[in-house]
Amino acid sequence: MLYTHDDDVIVAQCTPSGPGALALIRISGIDAVSVADQFCLLASGKKIKDCTTHTIHFARAYNASGDIIDQVMVTLMREPKTFTGQDTVEITSHNNQFIVEELLERAISAGARMAQPGEFTRRAVLNDKMDLLQAEALNELIHANTQQVARQALCQLEGSFSSWIGSIEHELLRASAFCYASFEFIDEEMAFDEQIRHTLETILTIIATIKRTFSIQQHIRQGVRIALIGSVNAGKSSLFNTLIGAQRAIVSPQAGTTRDTIEAGLYRNGAYWTLIDTAGLRQTDDSIEQEGIKRSHAQADMADIVMLVIDSSRVLTPAELEQCHILYERYKTKALVVYTKSDMPRVSNAFECADQPITLSNVTHESLDILEAKLSIKIEQLLAQAASPYLVNQRQYHLLLGLEQQLHTIEQQLITPIAYELLSFHLTDALAHISEITGKSVSENTMDAIFRQFCIGK
Ligand SMILES: Nc1nc2c(ncn2[C@@H]2O[C@H](COP(=O)(O)OP(=O)(O)OP(=O)(O)O)[C@@H](O)[C@H]2O)c(=O)[nH]1
Ligand SMILES: [Mg+2]
């Protein structure tokens, strides 16, 4: 087991390490206050233990030799109104690595131990400050890559998913209670039958939406993947560099410059884009270039959006033209056609497609804003497709699938005359699934696995 004892006083830096204005060190546990009192002297001369709860005090922290470590602010929060539900002292110091390390050392020699990843949040769950779904939402919130995920994670932290699960639990408990009652009062079965059927339908519809959007949502959480693909010298690497605003990829008039795929992430309009520059496509005997081209195709297959990049200043060869048609057909739903080199005289080009292509220049940056706007619209459409009432992780998803299966079994039991005993048995199983989702009855190992993904100090 990862964690030892929940009465231990634990300490960790909650703010990121590295230089900065301030650092926050949290000490939590039954004896947290006496730990802090051993090395923090309040300017007022009072002991922290004698202060009123939820108050802030100016203090000096001292090392073992009695030298001052730093001027700090001490926040005292007595249980139960704290993040962990236990006595907590938070020390705000200047954010210098040596100061922070010395403060942590002092807390440890005063009886605390270093917190494990996610241990403060785990205590919050154990002390009923939040359920497991909210704890997971908190981790999502910290790591959210897009505004949409951050917003949804915050809703879940506020309890949106928990209250939905809670209402399912309530309905199933009611049904379960009815089953027990029916052993004695069998007459009301008709109304009961309809009620539970209706509840099941509602739950199953939401689970179906979650199932439909789960993989795309998981995928989009890592950032929307945009692959630039096209013939050699089309201007892919130049466009890649223009979009990220840095000279990341090598650009040259030599055909076949890019071999490896190159990725870069950028934030635009609240979304996280992962741009992928790829090797130009052409017939070649060079085995390294062939490997690069294989990778270009693989990236295009995996991408959410494929930017088909075409040089507007050069007449395409028949082979290139055919390739454009093949690529456009293949990635039609996710393709965006971009003509480059609009600053040069345009040649008549025989590649026609249903969509209006964007013609831009990597030199003058003409129409770059139009490309970005079009990408944003495409991404918004993608995000709308992936919209699901809840943000669900792998653990919750698999438990929801188990719940769905149980609900289908329950549905099959709803034929008259209802076999109440059997129905009651399946309802208990469904309720067990729900308890696992919320963390009410989750194994220590599962808890360890969940909180291991958290950062230290959270
Ligand atoms: N005038 C002009 N030249 C451009 C533009 N975009 C790219 N170029 C030039 O076209 C040549 C090829 O550009 P790259 O960006 O390396 O093309 P690529 O598609 O990455 O080529 P490969 O990596 O070989 O597949 C370079 O000499 C660029 O400077 C543009 O918009 N206008
Ligand atoms: Mg290139």
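The values are calculated or read from the model by the stated rules, or taken from the named source; none is laboratory data. Because the structure is a prediction, the values reported are computed rather than measured. Note that we place each Cβ from the backbone using ideal geometry, even for glycine, and neighbour counts take in every protein chain shown. Side chains included, ligands, DNA and RNA excluded: accessible areas come from the protein's heavy atoms. Shrake-Rupley method; radii C 1.70, N 1.55, O 1.52, S 1.80 Å.
Please list, ordered by chain and number, the residues whose modelled amide H lies under 5 Å from the amide H of CYS14; skip anything fewer than 5 residues away on the same chain.
LEU24, ILE25, ARG26
Using the C-alpha atoms of the range 260-317, what convex hull volume per residue, in cubic angstrom, is computed?
It is 104 Å³ per residue.
Probe radius 1.4 Å, ligands and nucleic acids ignored: give me the carbon and sulfur share of the accessible area of the range 10-129 as a rounded percent.
54
For the range 175-283, run through the GluC sites (Glu not before Pro) and keep only the ones in DSSP coil with at most 11 other Cβ atoms within 10 Å of their Cβ.
Passing sites in the range 175-283 are GLU184.
Which FRET efficiency, nearest 0.05, do ASP301 and ASP429 yield, Cβ-Cβ r, R0 41 Å?
Taking R0 as 41 Å, the efficiency between ASP301 and ASP429 is 0.55.
Mean separation of Cα pairs under 8 Å and 6+ residues apart, divided by the residue count of the range 1-96: what relative contact order is that in percent?
30 percent.
From the Cα gyration tensor of the range 173-300, with a ≥ b ≥ c the square roots of its eigenvalues, which class applies: rounded if a/c is under 1.5, or else prolate if a/b is larger than b/c, or else oblate?
It is prolate, given that a/c is not under 1.5 and a/b is the larger ratio.
Can you compute the modelled spin-label distance between ASN96 and GLN381, with each label point 7 Å from Cα toward Cβ, in nm?
Each label point is offset 7 Å from its Cα along the Cβ direction, giving 5.6 nm.
Let me check something: with ligands and nucleic acids excluded, how do SER287, SER34 order by accessible area (1.4 Å probe), largest to smallest?
Greatest to least solvent exposure: SER287, SER34.
Mind pulling the angle between the C-alpha long axis of helix 189-221 and the longest principal axis of the chain? Nearest 10 degrees, somewhere in 0 to 90.
50
Is the C-alpha gyration tensor of the chain telling us rounded, prolate or oblate? Criteria: a/c under 1.5 is rounded; beyond that, a/b larger than b/c is prolate, otherwise oblate.
It is oblate, given that a/c is not under 1.5 and a/b is not larger than b/c.
In whole percent, what relative contact order does the range 139-248 give with Cα contacts below 8 Å and a gap of six or more residues?
23
Determine the dipole magnitude for the chain: charges of +1 sit on the beta-carbon of Lys and Arg, -1 on that of Asp and Glu, nothing else is charged, the reference point is the Cα centre, and the result goes in debye to the nearest 20.
Charge dipole, the chain, about its Cα centre: 1500 debye, nearest 20.
Each residue of the range 129-138 in turn: what ³J(HN,Hα) in whole Hz from Karplus with 6.51, -1.76, 1.60 and θ = phi - 60°, glycine and Pro shown as x?
Rounded to whole hertz, the list is 7, 7, 9, 4, 5, 5, 4, 5, 5, 4.
Taking the full set of protein chains and a 1.4 angstrom probe, give the accessible area of THR364 in square angstrom, rounded to the nearest 10.
90
Take each of the peptides 365-376, 98-109, average the number of other beta-carbon atoms within 10 Å over its residues, and list them starting from the highest.
98-109, 365-376
Keeping all protein chains in position, work out how much accessible area CYS51 exposes to a 1.4 Å probe, and write it in Å² to the nearest 10.
10
For the range 10-129, what does the accessible surface come to per residue with a 1.4 Å probe? Please give it in Å².
Accessible surface, normalised per residue, equals 46 Å².
Per residue of the range 268-282, in order, report the coupling 6.51 cos²θ - 1.76 cosθ + 1.60 (Karplus, θ = phi - 60°) as ³J(HN,Hα) in whole Hz, putting x for Gly and Pro.
Result, rounded to whole Hz: 9, 6, x, 10, 9, 9, 10, 8, 10, 8, 10, 5, x, 8, 6.
Between SER348 and THR52, how many nm apart are label points set 7 Å from Cα along the C-beta direction?
8.6
What are the ³J(HN,Hα) values, in whole Hz, obtained from phi via the Karplus relation 6.51 cos²θ - 1.76 cosθ + 1.60 with θ = phi - 60°, for each residue of the range 433-447 in sequence order, with x given for Gly and Pro?
Residue by residue, the range 433-447 yields 4, 5, 4, 6, 5, 7, x, 5, 9, 10, 6, 4, 4, 5, 4 Hz.
How many angstrom lie between the C-alpha centres of the range 318-364 and the range 207-225?
That distance is 30 Å.
Output the pairs from LYS49/LYS458; LYS129/LYS378; LYS378/LYS458 with a Cα-Cα distance over 32 Å in this structure; if there are none, say none.
Result: LYS129/LYS378; LYS378/LYS458 exceed 32 Å.
Please work out whether the range 1-76 counts as rounded, prolate or oblate from its C-alpha gyration tensor, where a ≥ b ≥ c are the square roots of the eigenvalues and a/c under 1.5 means rounded, while otherwise a/b larger than b/c means prolate and anything else oblate?
Here the range 1-76 falls in the oblate category.
Limiting things to C-alpha atoms, what are the Rg and the maximum Cα-Cα separation (Dmax) for the range 10-129, in angstroms?
13.3, 41
What whole number of Å gives the distance from the Cα centroid of the range 407-444 to the Cα centroid of the range 1-80?
Cα centroid to Cα centroid, the span is 47 Å.
Set Lys and Arg Cβ to +1 and Asp and Glu Cβ to -1, take the dipole of the chain about its Cα centre, and tell me which of ALA249, SER176, LEU138 lies farthest positive.
In the chain, that residue is ALA249.
In nm, give the distance between the simple-model label positions of ARG212 and SER287, each being 7 Å from the Cα along the Cα-to-Cβ direction.
4.9
Report, by chain and number, residues whose modeled amide H sits under 5 Å from the one on ILE310, excluding near sequence neighbours (fewer than 5 apart, same chain).
Placed amide hydrogens put VAL338, TYR339, THR340 under 5 Å from ILE310.
Against the longest alpha carbon principal axis of the chain, how many degrees, from 0 to 90 and to the nearest 10, is the axis of helix 147-157 turned?
20
Show the residues, 5+ positions off or on another chain, whose built amide H is closer than 5 Å to the amide H of ARG225.
Sorted by chain and number, the residues that satisfy this are THR274, ASP304, ILE305.
Could you give the size of the charge dipole of the range 361-431 about its Cα centre, using +1 on the Cβ of each K and R and -1 on the Cβ of each D and E, expressed in debye and rounded to the nearest 20?
Dipole magnitude for the range 361-431 comes out near 60 debye.
Show me the ranking of peptides 165-173, 265-273 by mean Cβ neighbours inside 10 Å, starting with the highest.
Descending packing order for the listed peptides: 165-173, 265-273.
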